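No lab work stands behind these numbers, since they all come straight from the coordinates. Worth saying up front: this structure is predicted, and the values here are computed from it rather than measured. FYI the Cβ positions are ideal-geometry reconstructions off the backbone, even for glycines, and counts take in every protein chain you see.
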Amino acid sequence: MSIIFKRKSVRKFRDEKVPEELIENLLKAGMQAPSSCNAQPWEFIVVSKREDKDAISKMHKFAKPAAEASHLIITLGNLNEAKVIGMIEQDLGACNENILLQATHEGLGAVWLGFHPIEDRTLKLKKYLEIPDYCIPFSVICVGWPDSEGEVKLRYDESKVHFDRY
Ligand SMILES: Cc1cc2nc3c(=O)[nH]c(=O)nc-3n(C[C@H](O)[C@H](O)[C@H](O)COP(=O)(O)O)c2cc1C
């Protein structure tokens, strides 16, 4: 089974720092993603200070895992770099998934916290991290050493697959 079938969201982390070179591997994986017209319209903010992680964990009710993570990777979509603006969410989605898969490969735990397109969330993140208007605060990915092992449930459902016509 490929790494795809081992990935799951991890929301509980051990109190242990992730080495910077592993964080760099996650960023390399993110930047290796496919993107419309190969525009690569992503940028990243890496956050590791306790007070910043605490503040981000309070930005919405599903953001609590941010407090215990070793690092947060904030993924941004740069509107000045995108060639097809309407595709920027897809570009960033591919980038995010690559980061999650690389984290699984490294034995790390990670969870994607949704921010874009919920304005109340993105405005808080923009203000706090001083993100310029030409960047969409797309998501926060929490990264750390997983605190527990969990089962991955396989989801293949043949009723969702159509051949030749719907
Ligand atoms: C766009 C998006 C937004 C998400 N937002 C959150 C979030 O705010 N908080 C959270 O704990 N998990 C969040 N998740 C993780 C999902 O809850 C998780 O992927 C889903 O329950 C399936 O579980 P799995 O990742 O373990 O397969 C998000 C995932 C996606 C793709």
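Remarks
- Potential extension, Met87-Lys64 segment - 0.36 nm per residue separation minus Cα distance: 5.4 nm
- Once the Cβ-Cβ distance of Asp52 and Leu123 is raised to the sixth power relative to R0 = 25 Å, the FRET efficiency obtained is 0.90.
- The chymotrypsin sites (Phe, Trp or Tyr not before Pro) found in the stretch 17-110 that occupy coil by DSSP, while having at most 13 further C-beta atoms within 10 Å, are Phe62.
- Averaged over residues, the count of other Cβ atoms within 10 Å places the peptides 151-162, 25-36, 103-114 in the sequence 103-114, 25-36, 151-162, highest first.
- Between Asp54, Asp120, Asp91, the residue with the greatest mean-square fluctuation in the GNM of the chain (Cα pairs under 10 Å linked by springs) is Asp120.
- For Cys135, residues with placed amide H under 5 Å, excluding near neighbours: Leu79
- Selected from Ser48, Ser148, Ser139 as most flexible by GNM, with the chain as the system and alpha-carbon contacts under 10 Å: Ser148
- Karplus (6.51, -1.76, 1.60) ³J(HN,Hα), θ = phi - 60°, over the stretch 29-36, in Hz, Gly and Pro reported as x: 5, x, 6, 8, 5, x, 8, 4
- Residue pairs exceeding 19 angstrom between C-alpha atoms, taken from Lys8/Lys153; Lys8/Lys53; Lys64/Lys124; Lys53/Lys153: Lys8/Lys53; Lys53/Lys153.
- Shape of the stretch 9-147, Cα gyration tensor, a/c cut at 1.5: oblate
- For the chain, calculated [θ]222 nm from helices alone, where every DSSP H run of n ≥ 4 adds -39500 (n - 2.57): -9000 deg cm²/dmol
- Whole-Hz couplings from phi, Karplus 6.51/-1.76/1.60, listed for the stretch 5-14; x for Gly and Pro: 8, 9, 6, 8, 6, 10, 10, 10, 10, 6
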